[in-house]
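To keep things clear, I will list the structure first and then write my remarks on it.
No lab work stands behind these numbers, since they all come straight from the coordinates. Please read all numbers here as calculations on a predicted model, not as lab measurements. Don't worry about glycine lacking a Cβ; one is built from the backbone with ideal geometry, like all the others, and counts go over all protein chains shown.
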Amino acid sequence: MGRTPHIVSDVMTQTVVAVGRDARFKEIVETMAQWKVSALPVLEGEGRVIGVVSEADLLPKEEYRGSDPERLEQLRRLDDTRKASALTAGELMTTPAFTVHAGATIAQAARMMAHASVKRLPVVDAAGMLQGIVSRADLLKVFLRSDEELAEEIRRDIIRHVFAVAHEDMQVTVENGVAMLSGHMSNTSLIPLAARLIRAVEGVVDVTFDVTGPTPVGARSAHTSSPEAGADLTGRA
């Protein structure tokens, strides 16, 4: 990745296959098979997203083939029984579609997917026009960043600007996405803040500390019996 990914536009797929409201059932299935996708945005006019049609929307056609569900079952699964007789994308689609803006953070998109229980989100502008699509796999791309890239960002954007210590006093290493800070920290009460900032770096899996410094007021160390003595603070924050 050329630059640090922070927002949806950094990881989304810009080339999107979509269908119109009047697309027929078989056309939808053929399009999914051709492009190897499991869902398609449904567009209206110049490209405004009005819904999404997925494999789950298509399956009732096969599920209810040759069967006549009992009345109670029909009432309990009214939406599915309706889709079993649907013929077009407009009749099959889930609407309104769950969408996300290109400027949303990757974390916001992940929370939206979890809340809506969907695997992908159409990316739209302020007018609801389709700009791209972002999937779970796209959001996980941040964890493909190299350990060296993560370590450099932590040094550049956190250690140098947040902590009042010389750059060489703190060592930053990253292994398999887990960051470790080691060395001397003049103000160990900043460890919780450091942990939050480092965990916020896209691609970091976790953070641990192996630092020495003054014991925070009210804290006790296994290596010292008084707050005035130096403390050895190790582990996760």
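Hull surface divided by four, with the convex hull built on the Cα atoms of the range 8-142: how many nm²?
8.6
Sort the following peptides by mean Cβ neighbour count (other Cβ atoms within 10 Å, averaged over residues), highest first: 100-106, 36-42.
The most tightly packed comes first, giving 36-42, 100-106.
Cross-link candidates for residue 83: which lysines have Cα within less than 21 Å, leaving aside residues fewer than 8 places away along the same chain?
Reachable lysines: 26, 61, 119.
Can you tell me the dipole magnitude for the range 8-142 around its Cα centre, using point charges on the Cβ only (Lys, Arg +1; Asp, Glu -1), in Debye to the nearest 20?
Dipole size: approximately 260 debye.
Would you work out if the range 1-52 is rounded, prolate or oblate? Take a ≥ b ≥ c from the square roots of the eigenvalues of the alpha-carbon gyration tensor; rounded if a/c is under 1.5, else prolate when a/b is larger than b/c, oblate otherwise.
Because a/c hits 1.5 or more and a/b fails to exceed b/c, the range 1-52 counts as oblate.
Give me the dipole magnitude in Debye, nearest 20, for the range 1-57 about the Cα centre, with unit charges on the beta carbon: positive for Lys and Arg, negative for Asp and Glu.
120
How long is the gain from residue 107 to residue 4 if the chain were fully straight, where each residue apart is worth 0.36 nm and the alpha carbon distance is subtracted?
Here the answer is 35.7 nm.
From the square roots a ≥ b ≥ c of the eigenvalues of the alpha-carbon gyration tensor of the range 94-154, which class results: rounded (a/c under 1.5), prolate (a/b over b/c), or oblate?
Taking the square roots of the gyration eigenvalues as a ≥ b ≥ c, the range 94-154 is prolate.
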